[in-house]
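Encoded as structure tokens, the structure appears first; notes follow it.
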Amino acid sequence: MLEYSNVRIRRVGEGWEILDPDTGRSLGLARCRPLWLSWGVAWLQRATVDVFEADEEPLVFTVRRLWGLSRKWEICDADGNRVALVHRGQILDAFGRHWATVESTSDGINFCARDRQFAQARRTTNGLHMSFAPDLQEHPLTKMSLLGAILATGRDLFT
């Protein structure tokens with residue numbers, strides 16, 4: 001799925017389906033991990049979303065909230081290595097350095113840094129259409145970070 005320059009993300013049940021916007025073919029899916037603590041202490045758990053490729057469902061990456069009430073989300077590759085952090089409208093690299101800003105608009109989200117746009121996500125009638133900048137084609141970790149930021153912070157776009 002990370003090799004595509006455009007994807008459509010559609011909410012299905014407790015997760016999301018990631019589709020080719022041109023053909024509607026499934027590219028992957030994202031599922032929330034079930035919470036295992038009781039309601040009274042569930043806030044101690046990390047909310048986690050696992051993202052899988054469509055064919056045979058290998059894990060591609062994970063998006064998880066850091067402990068408890070934190071608003072910081074960590075994006076890790078399939079091996080558990082941190083790729084990025086998302087916090088208060090910013091995307092930080094694995095070392096905590098700012099590289100992109102998440103800007104909400106009336107119909108979606110723009111991902112940019114200064115005068116450069118990395119991606120944009122727009123709400124449509126059949127999901128969220130996300131377009132990556134053409135020069136990101138050879139940068140799957142950057143795409144992973146941007147897609148993870150949508151899953152972490154763009155939840156209200158799917159309602």
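Is it the case that some residue within region 46-53 is farther than 28 Å from Thr125 by Cα, of a type in the set (Asp, Glu) and either at pLDDT below 95 or crowded, with 17+ Cβ neighbours inside 10 Å (or both)? Within region 46-53, not a single residue is farther than 28 Å from Thr125 by Cα, of a type in the set (Asp, Glu) and either at pLDDT below 95 or crowded, with 17+ Cβ neighbours inside 10 Å (or both). Do the conditions hold for Asn110, that is, is it of a type in the set (S, T, N, Q) and either modelled with pLDDT under 95 or touching a Pro at 6+ places or on another chain (Cβ under 8 Å) (or both)? Yes; evaluated as a whole, the condition is true for this residue.
For beta carbons closer than 9 Å, sequence separation of 6+ or different chains, a first residue in region 1-26 that is closer than 15 Å to Val49 by Cβ and a second that is among the hydroxyl-bearing types (Ser, Thr, Tyr) and not in a loop (DSSP other than H, G, I, E, B), the qualifying pairs are Glu17/Ser26; Ile18/Ser26.
Gln117 meets each of the listed conditions (1) farther than 18 Å from Glu3 by Cα; (2) part of a helix (DSSP H, G or I) apart from (2).
So which residues in region 70-86 are part of a loop (DSSP other than H, G, I, E, B), within 15 Å of the chain's Cα centre (by Cα) and closer than 17 Å to Ala47 by Cβ, if there are any at all?
Going through region 70-86, the residues part of a loop (DSSP other than H, G, I, E, B) turn out to be 70-72, 78-81.
Cutting the leftovers down to within 15 Å of the chain's Cα centre (by Cα) gives us 71-72, 78.
Listed by number, the residues that qualify are Arg71, Lys72.
The residue that is modelled with the lowest pLDDT, among those in region 121-141 that are polar (S, T, N, Q) and within 22 Å of Asp77 (Cα to Cα), is Gln137.
Residue count for region 48-73 under the criterion of being in contact with a helix residue (DSSP H, G or I) (Cβ under 9 Å, 6 or more places away or on another chain), under 20 Å from Glu14 (Cβ atoms) and of a type outside the set (Ser, Thr, Tyr): the result is 8.
The values are calculated or read from the model by the stated rules, or taken from the named source; none is laboratory data. Every value quoted in this text rests on a predicted model; they were computed, and no experiment measured them. All Cβ positions, even for glycine, are placed from backbone atoms using ideal geometry, and neighbour counts span all protein chains on display.
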